[in-house]
Amino acid sequence: MGAAKSRPAKTLKLFDHPAQRLADDIAPYFLRKVRILNGTHTAMVGKFLGQFETVQKLLEDRAAARWIRDLMYEEIVPTLAYRLDLVAPFADETYDRYRNPYTNHKLADIAKGHADKAKVRLEPTRQEYEKLFGKAPKRIVEAMKPLAAK
């Protein structure tokens, strides 16, 4: 058995893209994705399942779209922005991704395993928001109410 291999000094580039990043620690990227992209999806289900068939239809409704943007930028982003880089730009990219008319992402599909997803994607943000701001994040709490009723 040989010695443990370390990261090569020169990195092989298979392709080049401005969004591509090499990182020794992916935890910040994972946290950003789970809290913003996945958390918002989970909140959509908690708030809007049964009212809209797809994410795209939800975002065509002005009031629902406003609720989603407020959730992202007033409740989720503030719990991450003080400790992670590029949080607001990632939220912008996520919102644009949701509006992609070719994805046809059904809320019923996102709803599978909803209770478990909410525990990982929404509950930690709720707790952190309360710790940071001394009050509950109203949209996250609203999105989690269907769970509390069960």
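The values are calculated or read from the model by the stated rules, or taken from the named source; none is laboratory data. Here the structure is a predicted model, which means the values were calculated and not measured. SASA here: full protein model, heavy atoms, side chains in, ligands and nucleic acids out. Shrake-Rupley method; radii C 1.70, N 1.55, O 1.52, S 1.80 Å.
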Of (1) 17.9, 62; (2) 23.1, 83; (3) 14.8, 47, which is the value of Rg and Dmax of the Cα atoms in Å derived from the coordinates here? (1)
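If you roll a 1.4 Å probe over the chain with all protein chains in place, what percent of the accessible area is carbon or sulfur? Numbers along the way, then the final one.
On the way: 5400 of 9880 Å².
Ligands and nucleic acids excluded, carbon and sulfur reach 55 percent.
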Whole-Hz couplings from phi, Karplus 6.51/-1.76/1.60, listed for segment 40-50; x for Gly and Pro: 5, 4, 5, 5, 4, 5, x, 8, 10, 4, x
Under 19 Å from the Cα of LYS119, which aspartates and glutamates turn up, not counting those fewer than eight places away in the same chain? GLU75, ASP109, GLU128, GLU130, GLU142
Give, in nm to one decimal, the length gained when the segment between LEU31 and ASP16 is fully stretched (0.36 nm per residue of separation minus the Cα-Cα distance). 3.0 nm
What figure in square angstrom, to the nearest 10, would you give for the accessible area of PHE133 with a 1.4 Å probe? 100
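Give the accessible surface of segment 8-150 per residue, rounded to a whole number of Å², with probe radius 1.4 Å and ligands, DNA and RNA excluded. All intermediate terms of the calculation are to be shown ahead of the outcome.
Working: 8950 Å² over 143 residues.
Solvent-accessible surface per residue comes out at 63 Å².
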Would you tell me the accessible area of GLU123, worked out with a 1.4 angstrom probe on the heavy atoms of the protein chains, in Å² to the nearest 10? 40
Under the rule a/c < 1.5 gives rounded, and otherwise a/b versus b/c splits prolate from oblate, where does segment 94-150 land using the Cα gyration tensor? oblate
Residue by residue through segment 134-144, which ³J(HN,Hα) values in whole Hz follow from phi under the Karplus form 6.51 cos²θ - 1.76 cosθ + 1.60 (θ = phi - 60°), with glycine and proline marked x? x, 8, 6, x, 4, 6, 5, 4, 4, 5, 8
Over 18 Å between C-alpha atoms is what I'm after, so list which of LYS47/LYS106; LYS57/LYS106; LYS33/LYS138 land there. LYS33/LYS138
If each residue of separation counts as 0.36 nm, what is the full-extension length gain between ALA88 and VAL141 once their alpha-carbon separation is subtracted? 16.9 nm
Selected from ASP24, ASP116, ASP70 as most flexible by GNM, with the chain as the system and alpha-carbon contacts under 10 Å: ASP24
Rounded to the nearest 10 degrees, the helix 87-98 long axis (Cα) sits at an angle to the longest Cα principal axis of the chain of 60
